[in-house]
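First up is the structure itself, then whatever we jot down about it.
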Amino acid sequence: MSSELFESLAMIEEEKGISRDVILDALESALISAYRKHFGAVQEIGVTFDEETGAIRIIGRKTVVEEVENHETEISLDEAKRMNAKYDIGDIVEFEATPKTFGRIAAQTARQVVFQRVHEAEREKMVSEYSDRENDIATARVRRIERRNVMLEIENAESVLMPNEQVRQDNYKVGERYKVFVVEVADSAKGVHLVVSRSHPGLVRKLLELEVPEIEEGIIEIKSLSREAGSRSKIAVHSTKENVDPVGTCIGPKGMRVQEVIRELRGEKIDIIRYSENPAEYVSNALSPADVLSIEVDEDNHICKVVVPDDQLSLAIGREGQNVRLAARLTGWKIDLTSASKAEPAVHEEEEA
C-alpha cells in the first residue's frame, strides 16, 4: 500500500504542479494521524519513508530524564545508555515504533488525508494565482442560467454573475463568452470563487486599456470615469506628451478603438473627453456633447454655474438628468445648469443692483 501512495503522490506532483515539500508534509501528517487514530499512541512520533522501496517507518521519540514520570514520553538515563552510551539528560532517543499491523487501514486513512491536504494546497495555489486577477478583466463562458443568476466558467474557476452585476442589454446564452471585471477572488469550500461584474466601471476602464496600447505605455492616462451601466459612460483622459491627442488616440482611426469597447458593452454609449486642471474647462468638456456659453466657478461651495444655449439645455441635462449627473461624478464638481434666456435677466438684475 505504501508504494501505491508514493505512486499517487508522484502523479499528483506531475499533474497538479504542487511542490514536493507540500506533498511530503501532507504525507507525514497523514501517517501520524492514522497511527494515533488506530493505535492510540500518545508519545511523540515521527515518520521516515524510503521512496525507492516504498518503506514507511514510524519512529517514536522519548526524552532522556533522570527519573521517569511519564513512560509514554520519557526514558531513564540508564535505559538510554544501554541503547547508546552517548545519550545524556535532555537528549531525544528515537526508536522503531512501527506496528506489525500498520497496514492497509492506516495507509488508506493516510491517503485520504493526503488527498485532502493536496486539495487544500491546490486551492491555495489557485487563490494565489487568481489574486493577481483582482481589479482586472477575464473572459468568461456561460455554463448555465438559473433564474436570473448566470453561472460562469473562467479558466479553472467558477463564478456567478448576480443580477445586480448584470446589464440589461446582455442577453446571456449558454456557451457564449463575455468579458467580466474581477471584483474579488474568494476562497470557498468548493474552491476558488471569483466575484465578477459586467456593471462595474472598472470593466470600461480595462476594455479601453486593451484597445489603447498608449495607456499601458503611460502616454495616455485615464484620469476619471463615471458610468451608468448599460446606458452611458464618460471617461476623462490626459496625454503626457503635448503632440499626442488623448481623445483622438482613444477613439482611434474612424472610431475603431472605442467601437470595440462599445461592441463588448453591447451598445453602451461612451463619451471620451479631455481632462483639464482648469475646473471651468473640465466641466465644459464633461458636459459634451452639449455646448457651453459660460461657466462661473464657485470655489467655496465647489459649484460650477453653467450657462448653455436654450436649444442645448435638454442635451446638457440628458435623458432623466443622466448627462449632467455623469459629468458631475466625473469632475467631482456640483453643476448648476441654466439656459441663456434665463441667465440674461438675472445678469441684468445684478447690474442694476
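Read-outs: derived from the displayed coordinates by stated rules, not from any lab. Everything numeric here is computed off the predicted structure, so don't read it as measured data. We place every Cβ from the backbone using ideal geometry, glycine too, and count neighbours over all the protein chains shown.
Dividing the helix sum by the residues of the chain, where each DSSP H run of 4 or more adds -39500 (n - 2.57), gives a mean residue ellipticity at 222 nm of -12000 deg cm²/dmol.
The simple spin-label model puts a point 7 Å past each Cα toward its Cβ; for residue 115 and residue 86 those points are separated by 4.2 nm.
Of 37, 234, the sequence from fewest to most neighbouring Cβ atoms within 10 angstrom is 37, 234. Quick one: Debye curve from the C-alpha atoms of the stretch 20-122, no solvent, what's log10 I(q)/I(0) at q = 0.11, 0.13, 0.15 Å⁻¹? Cα-only, vacuum Debye calculation for the stretch 20-122: -0.41, -0.55, -0.69.
Give me the net charge of residue 199's neighbourhood, meaning all other residues with Cβ under 14 Å from the Cβ of residue 199; Lys, Arg count +1, Asp, Glu -1. Please report the intermediate quantities before stating the final value.
Working: positive: 148, 168, 179, 198, 205, 206, 227, 232, 266; negative: 165, 170, 228, 264, 268.
Combined, the nearby Lys, Arg, Asp and Glu give +4.
The HN-Hα couplings worked out from phi for the stretch 231-247 by the Karplus form 6.51 cos²θ - 1.76 cosθ + 1.60 (θ = phi - 60°) are 10, 7, 10, 10, 10, 9, 10, 9, 9, 7, 10, 4, 8, 10, 7, x, 5 Hz, whole numbers, x standing for Gly and Pro. Restricting the calculation to Cα atoms, every distinct pair contributes to the Kirkwood radius of the stretch 140-197, found to be 11.5 Å.
Give me the number: length gained by fully extending residue 125 to residue 71, i.e. 0.36 nm times residue separation minus the C-alpha to C-alpha distance, one decimal in nm.
Contour length minus the Cα-Cα distance gives 15.2 nm.
Please state the equivalent ellipsoid semi-axes for the chain: what are the square roots of 5 times the Cα gyration tensor eigenvalues, largest first, in whole Å? If you can, show how the numbers build up before the last one.
Numbers: eigenvalues 999, 114, 61 Å².
So the three semi-axes of the chain are 71, 24, 18 Å.
Summed over all non-identical Cα pairs, the Kirkwood treatment of the stretch 96-201 gives a radius of 16.0 Å. On full extension, the segment bounded by residue 187 and residue 245 gains 16.5 nm, given 0.36 nm per residue less the C-alpha separation.
3J(HN,Hα) couplings calculated from phi for the stretch 248-254 with the Karplus curve 6.51 cos²θ - 1.76 cosθ + 1.60 (θ = phi - 60°) are, in sequence order, x, 5, 6, 5, x, x, 6 Hz; Gly and Pro show x.
For the stretch 168-318, the pair-distance distribution built from all alpha carbon pairs, in bins 10 Å wide starting at 0, is 10, 32, 32, 19, 6, 1, 0 percent. Applying 1/(1 + (r/R0)^6) with r as the Cβ-Cβ distance of residue 15 and residue 211 and R0 = 45 angstrom yields a FRET efficiency of 0.75. Taking 7 Å steps out from each Cα toward its Cβ at residue 57 and residue 221 produces label points 6.6 nm apart.
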